[in-house]
Amino acid sequence: MSISFCKTEKGKPVLIENGFDYIEERTYENKVYWQCTQCNKQKCKARLHTTNNTICHRVGDHNHAPNPSVSGIRQYRSEIRNLTKTTTTTHSIVATSIATASTAVLSQLPPINNLKRTVCRQRAANLNFSANPRSMSEIQITGSFTLTKKKEQFLQYDSGNQDSNRFLIFATNQQFDLVQSSTDIYMDGTFKVVPDFFYQLYSIHGSVQGSIIPLAYILMSRKSEENYKRICYTIISLRPLFNPSSFLIDFEKGAMNAIRSCWPQSNVHACFFHLTQNIYRQVQQAGFTTKYGNDEEYAHAVRILPALAFLETNDIYSTFEDIGDLQIPDLDPLYNYFEDNYIGRSQSLNRRTIPMFPVTFWNLHNTLRNQFDHTNNAVEGWHRRLNNIVDSAHPEFWRFLSDLQTEQAYVDGEISQLL
C-alpha cells in the first residue's frame, strides 16, 4: 500500500491512502494520530496511527466508499495554493491547474468562477488581511492602508463610515500637487474592480511631461450630482489652486453639472469614444445589429451621427436635419434618441428643447483646434491595467486597497521617470 501527504488550505497535514484522506488529529511522542476527513460530515469512525510516516495501527472501518481521485484533488488544491504566492494572474492559475488535472479530478471540481474566488481568498489569506467587512460601517481605514508602500500619506479624505454617500480619496501629496498644476484633466469611472458597498472607482488623470498619468483615485458608494459636487468641493478644499483649463469626461450628467458648478471658467468636454459607444449601444438595443453589419446605407447614416461632433456648432443642426431628410428605413429610433439627448427637439421659430447633453459638451471642433485630446483612450488603457492588477470582479475590500497601493507604486515609478 502507498501513502502520500499534503496539507489543507489552513496548513494542517493530510494523509492519503487508497482513496481515503485523513487529517492529523494529534501527535504524541513519536506517533501521529489521524482521523478520516469525513468524521464530522458522515460520522466516519476510521482512524490511523503512523510512526515515521508508516502506518502502524488502524481503528475502525470507513462507512463510505473511497474516492480514487482524492489524491488528484488534493494535489490540484495544493498546486493552486502554491501559485497564489506568485504574481501569476488568477485566470492563469486556474487554467494551468486545470490543464494538468485528470478528467476524473475535473469532474469533481467546483465551477470555474468558484475556483477563481478560491484563488482570491487564498491570496488574501497569504497577506493576512482582516476579515472582509460585512457593512459600510465596519470599514474603518487605519494604519498601513492609509499609506503607500513607501509609507507616504495615501488616503487624503474619508467622508466617514456613517455617510450613506461615502467616498474615499486616495492620492499622494505629490500626485495631488500634480493634479493642482495640471491644465487639462481627464476623468472616468470603472466598476468591475470595486469592492462591495461601493459603486465605482472614479479616477483623475493629468498630463505629466506629455504622458497621461492617474493622479487620484476616488472610491464612491453613490453616483449622483450631489455626490460629485461634494467630491469637487473636497478637492478644492485640499488643493485650493486647482483650476484647470479643461476637463474630458464621460457622458454623465451629474459629473458634468458638478464640474461646471465648481469650475465655471473651465471647458468641460465629452469623450468622443464614449459618444460612438452610446450610439452603437442604441443600435443594439433597437435590434439592428445585423442590419448595421449588412446594410451599408444604414451603417453609413449611423456613423454620420457621431461625426457631427467635428463640425462647427452652427453647422450641426442643419446637417442633422439633412440626415433626417434621407428617410433611411429603421433609422428613426436612433435619430430620435440622438435628437433628445444631444441636439434637442425641434420647436417653432427655429428653437429646440434643451438636450440632456448640450452641443458644446460633445462638439470637438474647438477641442481639436486647441490640440486637446478628444478621447479618454489613455484612461481606458489604465482601466485595463488596473483590471489586470486586481484580477477579479468585486474583490474583498482590504485586498482591493492592497492592489490600489500596488498600482500607486507603479504610477510613482512612472512619475519619477518623467520628472
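The values are calculated or read from the model by the stated rules, or taken from the named source; none is laboratory data. Computed from a predicted structure; not experimentally measured. Glycine gets a Cβ as well: all are built from the backbone with ideal geometry, and neighbour counts include every protein chain shown.
Tabulated results
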| read-out | value |
| --- | --- |
| Selection within the stretch 1-54 - exposed (fewer than 15 other Cβ atoms within 10 Å of the Cβ) and touching a His at 6+ places or on another chain (Cβ under 8 Å) | Lys31, Gln42 |
| Hey, Cys36 closer than 30 Å to Ala101 by Cβ and in contact with a Gly (Cβ under 9 Å, 6 or more places away or on another chain) or not | yes |
| Criterion (surrounded by 13 or more Cβ atoms within 10 Å (Cβ to Cβ), at negative phi, among the hydrophobic types (A, V, I, L, M, F, W, C) and not in a helix (DSSP H, G or I)) met by exactly one of Ile328, Ile279, Ile354 | Ile328 |
| Index of the failed condition, Phe357 passing every other in (1) at pLDDT 90 or above; (2) touching a Lys or Arg at 6+ places or on another chain (Cβ under 9 Å); (3) more than 24 Å from Thr183 (Cβ to Cβ) | (3) |
| Failed item, numbered, when Glu339 is tested on (1) without any contact (Cβ under 8 Å) to a residue 24 or more places away in the chain; (2) farther than 23 Å from Ser203 by Cα; (3) surrounded by fewer than 18 Cβ atoms within 10 Å (Cβ to Cβ); (4) not basic (Lys, Arg) | (3) |
| So Leu155, is it free of Cβ contacts under 8 Å to residues at least 40 places away in the same chain, closer than 18 Å to Arg230 by Cβ, surrounded by 15 or more Cβ atoms within 10 Å (Cβ to Cβ) and not acidic (Asp, Glu) | yes |
| Unmet criterion (only one of (1) within 24 Å of Thr172 (Cβ to Cβ); (2) touching a residue at least 24 places away in the same chain (Cβ under 8 Å)) for Arg384 | (2) |
| Only one of Leu368, Leu386, Leu349, Leu401 that is surrounded by 13 or more Cβ atoms within 10 Å (Cβ to Cβ) and over 24 Å from the mean Cα position of the chain (by Cα) | Leu368 |
| Candidate set: the stretch 207-217, residues that are surrounded by 15 or more Cβ atoms within 10 Å (Cβ to Cβ) and not small (Gly, Ala, Ser); chosen: the one farthest from the chain's Cα centre (by Cα) | Val208 |
| Per-region count, the stretch 4-29, residues out of contact with any helix residue (DSSP H, G or I) (no Cβ under 6 Å at 6 or more places or on another chain), within 21 Å of Lys43 (Cβ to Cβ) and of a type outside the set (Val, Ile, Thr) | 9 |
| Selection count, the stretch 131-148, where residues are within 21 Å of the chain's Cα centre (by Cα) and not aliphatic (A, V, I, L, M) | 7 |
| Enumeration of residues in the stretch 104-142 that are among the aliphatic types (A, V, I, L, M), in a loop (DSSP other than H, G, I, E, B) and over 24 Å from Arg166 (Cα atoms) | Leu109, Leu127 |
| Inter-residue pairs, beta-carbon under 8 Å, first within 10 Å of Val119 (Cα to Cα) and in the stretch 79-95, second of a type in the set (Asp, Glu), 6+ apart | Arg81/Glu9; Thr89/Asp391; Thr90/Asp391; His91/Asp391 |
| When residues of the stretch 152-184 are limited to those that are among the β-branched types (Val, Ile, Thr) and outside any strand (DSSP E or B), the one nearest to Gln265 (Cα to Cα) | Thr183 |
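Every residue, every condition in (1) under 17 Å from Ile169 (Cβ atoms); (2) surrounded by fewer than 17 Cβ atoms within 10 Å (Cβ to Cβ), yes or no:
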site	(1), (2)
Leu248	no, no
Asn257	no, yes
Cys262	yes, no
Ala299	no, yes
Val302	no, no
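Yes/no per residue for (1) part of a strand (DSSP E or B); (2) surrounded by 20 or more Cβ atoms within 10 Å (Cβ to Cβ); (3) touching a strand residue (DSSP E or B) at 6+ places or on another chain (Cβ under 9 Å):
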| residue | (1), (2), (3) |
| --- | --- |
| Ser144 | no, no, no |
| Tyr186 | yes, yes, yes |
| Phe197 | no, no, no |
| Tyr202 | yes, yes, yes |
| Leu219 | yes, yes, yes |
| Asn227 | no, yes, yes |
